[in-house]
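Some notes on the structure that comes next.
The values are calculated or read from the model by the stated rules, or taken from the named source; none is laboratory data. Computed from a predicted structure; not experimentally measured. Note that each Cβ is placed from the backbone with ideal geometry, even for glycine, and that neighbours are counted across all protein chains shown. Note: accessible area is taken over every heavy atom of the protein model, side chains too, but ligands, DNA and RNA are not part of it. Shrake-Rupley method; radii C 1.70, N 1.55, O 1.52, S 1.80 Å.
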Amino acid sequence: MKIREIILDFTSLLDVIMIILFFFILFSTLEVDSVTKSAEDARLNYEKQMEQQAIEQEELLEQLESEWERLLQADRNAAKNQQALIAYDQGAVLAFNLQDVESRSAWTLNVLLGEEKLGTVQAQQSDKLVEKLGAMMRNAELDKADVIIGTLTYDGNSYGTAGAVPVIEDAIGEMQEEYSNLYFTTINISR
């Protein structure tokens with residue numbers, strides 16, 4: 001019997017091992033890239049959320065500071081408001097009485113402070129209405145910081161009232177820019 005030599009060829013085995021190793025390295029690298037990308041996305045999302053929360057907290061803080069200042073201002077004005085309400089109760093009201101309304105361009109506005117007549121404005125003077133009302137209030141020695149309660153009274157059944165009232169309301173509204181504590185309401189006496 002003859003002994004045969006066995007020759008083992010590992011070339012194919014090495015090729016298969018190298019291919020398996022190559023795929024393992026390739027897929028493990030892809031998985032690491034995927035996990036790294038997910039981690040980076042999560043980090044960016046977290047940073048965006050933190051920035052948004054910081055903005056929201058800053059806005060909330062500004063709102064709270066504004067509300068706090070409003071409350072402090074209301075507290076500082078409490079005595080003035082109380083005095084104005086007492087004056088209102090006693091009849092010391094700034095009254096704008098619209099009378100003799102014939103049309104949008106023909107009316108008379110009497111301005112009174114309590115029982116004292118401050119002046120009269122005619123429709124022909126409506127282009128200087130704010131100026132005239134301001135002069136009347138300064139002559140009455142009403143300070144810009146005073147709390148002033150006023151009424152605009154008119155007869156809604158009079159012809160032309162619908163045109164005259166907005167003109168006067170706009171003028172009083174402009175007066176509120178100068179007299180920031182001027183509060184007024186309109187009263188239709190025809191009802």
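Here are some notes:
- Residues of the stretch 60-101 that are outside any helix (DSSP H, G or I) and at pLDDT 75 or above: LEU94, ALA95, PHE96, ASN97, LEU98, GLN99, ASP100, VAL101.
- Of all residues in the stretch 170-186, one or more are in contact with a strand residue (DSSP E or B) (Cβ under 6 Å, 6 or more places away or on another chain), part of a strand (DSSP E or B) and open to solvent by less than 30 Å² (accessible area, probe 1.4 Å).
- Odd one out for ILE148 among (1) open to solvent by less than 40 Å² (accessible area, probe 1.4 Å); (2) touching an Asp or Glu at 6+ places or on another chain (Cβ under 6 Å): (2)
- Long-range neighbours under 6 Å by Cβ, at least six apart or interchain, first residue without any contact (Cβ under 8 Å) to a residue 40 or more places away in the chain within the stretch 175-191, second open to solvent by 60 Å² or more (accessible area, probe 1.4 Å) and not polar (S, T, N, Q): none
- GLU47 fulfils the conditions (1) open to solvent by less than 80 Å² (accessible area, probe 1.4 Å); (2) at pLDDT 80 or above; (3) under 19 Å from LEU182 (Cβ atoms); (4) part of a helix (DSSP H, G or I) except for a single criterion, (3).
- Restricting attention to the stretch 126-141, the residues that are surrounded by 14 or more Cβ atoms within 10 Å (Cβ to Cβ) and modelled with pLDDT under 80 total 1.
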